[in-house]
Amino acid sequence: MTFKELVDIKRRNPSHRIGVALSGGGIKGLCHAGAIRALEEIGIRPDVISGVSAGSVVGALYADGRTPEQIADMFMNITFRSSTLYDRAGGGFLNIKPFLKLVHSNLTSRRIEELQIPLHIVATDLDHGKSVVFTRGNLLQSVAASCSVPVLFTPTIIDGVHYVDGGVFKNFPATTIRDYCDTLIGINASPMMAEKYKINVANVLERVYHFMFKANIVHDREVCDILLEPEAMGMYDTFDVEKSQEIYDLGYNYTKSFFDE
């Protein structure tokens with residue numbers, strides 16, 4: 001039997017009915033929470049979730065039992081400065097320990113396999129140059145690995161291996177769970193890039209990452225049965241934390257309109 005035939009059999013007998021894939025995007029990940037709230041209101045709840053970077057944070061909290069509204073409330077008053085610390089000796093300018101402390105305080109599960117909904121967390125193995133998917137193990141460490149933007153944040157070490165943001169290879173983890181669900185809904189919080197930008201270190205770095213991420217999501221967009229991709233998200237930057245409520249509302253309203261039409 002060929003590999004393709006094995007995959008086809010797996011696709012015809014998925015272990016879950018509905019899967020939801022959540023992209024990266026920094027604070028734009030609150031778009032995911034808004035979209036999930038709208039999905040719930042029309043009776044759609046995921047049986048399996050995949051998430052990368054910001055998507056892994058929202059995915060972990062939701063799979064642990066937090067409501068979309070509770071997830072949004074967690075980040076409404078957060079600031080970039082309060083969620084990071086300078087750490088130039090660790091392989092990045094900053095570390096995200098304060099942010100992880102906030103996430104940890106809102107999680108009841110300590111391991112991925114304890115979550116109420118199966119979760120696939122995507123990170124990048126910096127030492128071996130490959131994309132990895134965590135489905136078991138320490139939940140907070142896996143989320144930290146998925147969120148560690150290279151250069152900006154210190155890499156996360158798990159079992160002696162350095163991990164950075166999963167978006168380096170896969171910023172939209174739809175293919176990660178494609179074969180595990182009958183219907184796949186993809187929510188892409190970073191569909192396009194703002195045309196204007198300022199010449200400074202943060203904005204240039206962010207723009208470069210946008211180019212890279214845009215290039216690696218093409219195939220994942222194609223495998224979704226339903227693709228939720230609010231174009232207006234292009235107006236927001238990765239660290240526009242002061243616009244958290246707008247981003248959450250945009251994800252909710254876009255998804256409501258999508259299904260109404």
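The values are calculated or read from the model by the stated rules, or taken from the named source; none is laboratory data. Bear in mind that the values here come from a model prediction, so they are computed numbers and not experimental data. Heads up, the Cβs are rebuilt from the backbone with ideal geometry, glycines too, and the neighbour counts pull from every protein chain shown. Areas reflect the complete protein model, heavy atoms only, side chains present, ligands, DNA and RNA absent. Shrake-Rupley method; radii C 1.70, N 1.55, O 1.52, S 1.80 Å.
Observations, loosely collected:
- Among M74, M233, M212: highest mean-square fluctuation, GNM of the chain, C-alpha pairs under 10 Å: M74
- Ligands, DNA and RNA are left out, and with a 1.4 angstrom probe the accessible area of the chain is 48 Å² per residue.
- Carbon and sulfur %, accessible surface of the chain computed with the full protein complex present, 1.4 Å: 54 percent
- Counted charge near A145, where neighbours are those whose Cβ lies closer than 10 Å (Asp, Glu -1; Lys, Arg +1): -2
- Helix-only mean residue ellipticity at 222 nm for the chain, each DSSP H run of n ≥ 4 adding -39500 (n - 2.57), per residue, nearest 500: -11000 deg cm²/dmol
- Computed magnitude of the charge dipole of the chain (debye, nearest 20; Cβ of K, R +1, Cβ of D, E -1): 560 debye
- Computed over the chain: relative contact order in percent, which uses C-alpha pairs under 8 Å that are six or more apart: 29 percent
- Cβ-based net charge around E246, under 14 Å, with every Lys or Arg adding one and every Asp or Glu removing one: -2
- Among A72, A232, A33, residue whose mean-square fluctuation peaks in a GNM of the chain (springs only between Cα atoms under 10 Å): A232
- Farthest positive-ward along the chain dipole, Cα basis, beta-carbon charges - from T154, A189, G234: T154
- For S56, neighbours were defined as the other residues whose beta-carbon sits under 13 Å from its Cβ, and their charges (Lys and Arg +1, Asp and Glu -1) total -1.
- For V20, solvent-accessible area (1.4 Å; no DNA, RNA or ligand), Å²: 0 Å²
- For region 198-253, the Cβ-based charge dipole about the Cα centre amounts to some 300 debye (Lys, Arg positive; Asp, Glu negative; other atoms uncharged).
- Three-way shape label, region 148-261, alpha-carbon gyration tensor, a/c 1.5: oblate
- Above-threshold pairs, the threshold being 24 Å between Cα atoms, out of K28/K214; K97/K256; K170/K256; K101/K243; K28/K97; K101/K130: K97/K256; K170/K256; K101/K130
- Equivalent ellipsoid, the chain (semi-axes from 5 times Cα gyration tensor eigenvalues, Å): 26, 22, 19
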